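Novice: One structure, pasted below without further comment.
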Amino acid sequence: MADKKNILITGGAGFIGSHVVRLFLNKYPNYNIINLDKLTYAGNLMNLKDVENASNYTFEKGDIVDTNYILSLFEKYDFDGVIHLAAETHVDRSITDPLGFVKTNVLGTFNLLNAARIHWKNTEGKLFYHVSTDEVYGALKLNEDTLFTEETPYDPRSPYSAAKASSDHFVRAYWHTYDLPVVLSNCSNNYGSYQFPEKLIPLFINNIKNNKPLPVYGDGLYTRDWLWVVDHARAIDVVYHNGKQGETYNIGGHNEWKNIDLIYLLCDIMDEKLGREVGSARKLITFVKDRPGHDRRYAIDASKIEKDLDWKPSTTFEVGLARTVDWYLENLEWLDNVTSGAYQEYYEKQYTV
């Protein structure tokens with residue numbers, strides 16, 4: 001067996017992070033996976049119940065904003081690689097608390113970069129992989145064929161995307177200034193199992209199940225490219241192992257949907273799965289006041305990662321969405337624990353004496 005490697009995955013108790021942790025644990029038994037998560041409201045260790053006892057898994061509760069703590073972690077584990085997913089991600093929350101997003105997304109990323117720079121005296125075999133978002137590119141016009149490429153100029157429109165854009169720039173600056181081995185990816189909207197139900201798809205699944213209103217911003221024509229989280233985890237695996245240092249890879253699902261069309265589809269799937277009269281869920285739709293700075297359209301050109309690294313999404317949105325609905329309806333205990341807040345007690349029960 002190859003030599004053991006210590007890989008730090010930040011934000012590993014979150015939605016995307018938990019999928020990455022699970023994939024790496026199962027696929028690479030020679031990797032010791034250290035999952036660092038602050039366990040904010042979006043961090044849920046119940047996402048990893050099926051792998052928490054794996055011999056190559058360690059959980060560390062901590063804050064990437066804590067400089068000394070991050071330095072001590074690098075000293076303790078002598079990381080061979082970092083996959084950095086920890087971030088505040090919800091745009092609405094960034095509007096009400098922009099400083100919190102600056103602290104976590106900018107200062108937290110800086111602390112990790114600086115710790116790697118200090119600790120990695122010899123960078124051979126090392127890699128800092130920064131996972132980012134397509135929102136840093138700004139907005140595209142509706143009804144046009146334009147797409148975000150890796151060369152698209154940055155034009156962030158929300159405090160969230162501005163903070164992520166800043167962190168991206170710091171990662172590239174450390175590549176150019178300190179020769180720190182880095183790679184970046186910018187992804188489109190993720191969906192799938194274990195997503196915190198403040199995001200559109202799990203929120204609406206839960207609301208439809210409980211016959212609650214489905215709030216739709218503005219005219220509902222906001223358009224997004226949707227990426228199944230399992231495919232995103234596969235892409236992160238490919239970029240980490242085969243990506244070229246210093247490069248950026250856009251990861252998208254080739255699934256561009258207007259919000260209202262997505263919601264109609266989700267409503268119809270839910271009616272079928274719940275055995276309700278067709279059209280029942282659509283009656284729950286209510287249009288609400290638009291949020292400030294709402295970008296009209298995002299869409300990813302993923303041709304670079306497909307051509308250079310032989311990755312492509314494995315499923316259509318219709319199939320992925322149906323699988324997602326099935327997962328939430330089959331895991332109502334998980335959903336109830338999250339919506340009630342009971343999931344936040346899991347760390348105390350499992351990891352403290």
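Novice: Those residues that are surrounded by 11 or more Cβ atoms within 10 Å (Cβ to Cβ) and either at pLDDT 95 or above or polar (S, T, N, Q) (or both), I need them from the stretch 138-147; list them, please.
Specialist: Selection gives Thr146 alone.
Novice: Restricting attention to the stretch 241-277, report how many residues are more than 23 Å from Val288 (Cβ to Cβ) and hydroxyl-bearing (Ser, Thr, Tyr).
Specialist: 2
Novice: Got at least one residue in the stretch 234-254 being outside any helix (DSSP H, G or I), of a type in the set (Phe, Trp, Tyr) and under 20 Å from Phe204 (Cβ atoms)?
Specialist: No; the residues of the stretch 234-254 include none that is outside any helix (DSSP H, G or I), of a type in the set (Phe, Trp, Tyr) and under 20 Å from Phe204 (Cβ atoms).
Novice: Considering only the stretch 310-353, state which residues are modelled with pLDDT of 90 or more, part of a helix (DSSP H, G or I), farther than 16 Å from Ser193 by Cα and among the basic types (Lys, Arg).
Specialist: Those that are modelled with pLDDT of 90 or more, part of a helix (DSSP H, G or I), farther than 16 Å from Ser193 by Cα and among the basic types (Lys, Arg): none in the stretch 310-353.
Novice: Could you tell me which residue of the stretch 17-49 is nearest to His232 (Cα to Cα), considering only residues that are surrounded by 15 or more Cβ atoms within 10 Å (Cβ to Cβ) and of a type in the set (Lys, Arg)?
Specialist: First, the residues of the stretch 17-49 that are surrounded by 15 or more Cβ atoms within 10 Å (Cβ to Cβ): 17-25, 28, 31-40, 42-48.
With the extra rule that they be of a type in the set (Lys, Arg), the set shrinks to 22, 38.
Working: Arg22: 13, Lys38: 22 Å.
This residue is Arg22.
Novice: Select the strands (runs of 3 or more DSSP E) contained entirely in the stretch 31-110, then report the ones holding at least 2 residues which are modelled with pLDDT of 95 or more and either of a type in the set (A, V, I, L, M, F, W, C) or within 18 Å of the chain's Cα centre (by Cα) (or both).
Specialist: 31-37, 81-84
Novice: Right, here's the next one. Within the stretch 50-64, is there a residue that is exposed (fewer than 15 other Cβ atoms within 10 Å of the Cβ), in contact (Cβ under 8 Å) with a residue 60 or more places away in the chain, touching an Asp or Glu at 6+ places or on another chain (Cβ under 9 Å) and not small (Gly, Ala, Ser)?
Specialist: No, that holds for no residue.
Novice: Checking the condition more than 30 Å from Leu113 (Cβ to Cβ), surrounded by 14 or more Cβ atoms within 10 Å (Cβ to Cβ) and free of Cβ contacts under 8 Å to residues at least 24 places away in the same chain, which residue from Asp336, Asp268 passes?
Specialist: Asp268
Novice: Go through (1) within 30 Å of Gly81 (Cβ to Cβ); (2) surrounded by fewer than 24 Cβ atoms within 10 Å (Cβ to Cβ) and name the single condition Lys164 misses.
Specialist: The failed condition is (2).
Novice: I'd like to verify a number: residues in the stretch 116-151 that are closer than 20 Å to Ile83 by Cα and either of a type in the set (A, V, I, L, M, F, W, C) or free of Cβ contacts under 8 Å to residues at least 24 places away in the same chain (or both), how many?
Specialist: Within the stretch 116-151, residues that are closer than 20 Å to Ile83 by Cα and either of a type in the set (A, V, I, L, M, F, W, C) or free of Cβ contacts under 8 Å to residues at least 24 places away in the same chain (or both) number 10.
Novice: Tell me which residues, restricted to the stretch 1-42, are basic (Lys, Arg) and closer than 21 Å to Glu348 by Cα.
Specialist: Correct list: Lys38 only.
Novice: Moving to a separate point now. Can Ala281 be described as at pLDDT 95 or above, surrounded by 15 or more Cβ atoms within 10 Å (Cβ to Cβ), in contact with an Asp or Glu (Cβ under 6 Å, 6 or more places away or on another chain) and hydrophobic (A, V, I, L, M, F, W, C)?
Specialist: Numbers: at pLDDT 95 or above: yes; surrounded by 15 or more Cβ atoms within 10 Å (Cβ to Cβ): yes; in contact with an Asp or Glu (Cβ under 6 Å, 6 or more places away or on another chain): yes; hydrophobic (A, V, I, L, M, F, W, C): yes.
Yes.
Novice: Moving on. Say we look at the stretch 216-236 and pick out the residues that are of a type in the set (Asp, Glu) and surrounded by 18 or more Cβ atoms within 10 Å (Cβ to Cβ); which of these is farthest from the chain's Cα centre (by Cα)?
Specialist: Filtering the stretch 216-236 for residues of a type in the set (Asp, Glu) gives 219, 225, 231.
Narrowing the set further to residues that are surrounded by 18 or more Cβ atoms within 10 Å (Cβ to Cβ) leaves 225, 231.
Values: Asp225: 14, Asp231: 12 Å.
Step by step, filter the stretch 216-236, then rank; the result is Asp225.
Novice: On the basis of being more than 21 Å from Phe196 (Cβ to Cβ), surrounded by 13 or more Cβ atoms within 10 Å (Cβ to Cβ) and without any contact (Cβ under 8 Å) to a residue 24 or more places away in the chain, does Arg276 make the cut?
Specialist: Yes: the conditions hold for Arg276.
The values are calculated or read from the model by the stated rules, or taken from the named source; none is laboratory data. Treat the numbers as computed from the prediction; the structure is a model and nothing was measured. Every residue, glycine as well, gets a Cβ built from its backbone with ideal geometry; the counts of neighbours run over all protein chains shown.
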